[in-house]
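Colleague: Below you'll find the structure I mean.
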Amino acid sequence: MLLLFGFDVGENDRIKVTFQFTMPNSSGESASSEVAPIVVDNSEAACIESAVNLMNTFVSKEINLSHCKVIVFSEEFAKQGVSKEIYSLMNKVQVRPNSNIIVCTSTAEEYIRSVKPSLENLVAKFYEILPRSSEYTGFTSDIKLGDFFNKLESNSEEPVAILRSSCSLSFF
């Protein structure tokens with residue numbers, strides 16, 4: 001299951017897309033205390049669709065973007081503009097508008113590789129719960145892809161995203 005993916009400036013192509021998956025339990029049985037193994041991989045391509053298609057050639061199952069909880073942009077990539085990627089994501093039926101948007105000060109790949117859920121065994125649940133902490137703390141915001149897109153299209157509002165530094169990765 002795809003949990004999140006991130007965008008960096010590519011070395012050989014326009015973008016480098018990093019994917020984080022959980023591996024299904026091979027026995028079919030899972031205990032509630034068992035942590036699913038996490039796999040991180042990436043591909044470089046000219047656009048999101050090409051990167052996903054390229055990754056589909058390497059994984060045993062077709063990537064389904066409907067389970068994606070978080071979309072990460074590196075600060076370097078975000079400075080170049082993300083509107084093309086946001087439009088592309090919003091046009092995909094599989095991508096849900098309630099996915100959170102994060103801009104990280106490190107590369108998206110470094111960020112994704114270093115996120116270690118410390119208080120939750122189910123990684124997918126971790127990505128669902130954490131942005132909602134904005135309801136009871138002032139330390140984060142709940143920035144959704146759909147809201148970001150609407151503000152991108154608005155003449156009176158500007159889109160904002162969660163900015164995460166690499167020093168706070170263990171807490172997300």
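Colleague: Any chance you could count how many residues in the range 20-45 are modelled with pLDDT of 80 or more, of a type in the set (Asp, Glu) and over 15 Å from the mean Cα position of the chain (by Cα)?
Modeller: Number of matching residues: 1.
Colleague: Kindly indicate whether LYS61 is surrounded by 13 or more Cβ atoms within 10 Å (Cβ to Cβ), without any contact (Cβ under 8 Å) to a residue 60 or more places away in the chain, of a type in the set (D, E, K, R) and more than 22 Å from THR107 (Cβ to Cβ). So that I can check it myself, show each step before the final result.
Modeller: On the way: surrounded by 13 or more Cβ atoms within 10 Å (Cβ to Cβ): no; without any contact (Cβ under 8 Å) to a residue 60 or more places away in the chain: yes; of a type in the set (D, E, K, R): yes; more than 22 Å from THR107 (Cβ to Cβ): yes.
Judged against the criteria, LYS61 is not a match.
Colleague: Given the range 38-104, what helices (runs of 4 or more DSSP H) lie entirely inside it while holding 1 or more residues that are farther than 20 Å from MET1 by Cα and not β-branched (Val, Ile, Thr)?
Modeller: 75-79, 83-91
Colleague: So, one more: Inspect all residues belonging to the range 140-163 and state whether any of them is part of a loop (DSSP other than H, G, I, E, B), modelled with pLDDT under 80, in contact with a Pro (Cβ under 7 Å, 6 or more places away or on another chain) and not polar (S, T, N, Q).
Modeller: Within the range 140-163, one or more residues are part of a loop (DSSP other than H, G, I, E, B), modelled with pLDDT under 80, in contact with a Pro (Cβ under 7 Å, 6 or more places away or on another chain) and not polar (S, T, N, Q).
Colleague: Additional query: Can you tell me which residue in the range 105-120 is modelled with the lowest pLDDT, limited to those that are closer than 17 Å to LYS69 by Cβ, crowded, with 16+ Cβ neighbours inside 10 Å and over 11 Å from the mean Cα position of the chain (by Cα)?
Modeller: Ranking the qualifying residues of the range 105-120, first place goes to PRO117.
Colleague: Looking at SER83, is it modelled with pLDDT of 90 or more and in contact with a Ser or Thr (Cβ under 9 Å, 6 or more places away or on another chain)? Quick ask: steps written out before the conclusion?
Modeller: Details: modelled with pLDDT of 90 or more: yes; in contact with a Ser or Thr (Cβ under 9 Å, 6 or more places away or on another chain): no.
Answer is no for this residue.
The values are calculated or read from the model by the stated rules, or taken from the named source; none is laboratory data. The shown structure was predicted, so the numbers you read here are calculated from the model rather than taken from an experiment. Counting neighbours? That spans all protein chains shown, and the Cβs are built from the backbone with ideal geometry, glycine included.
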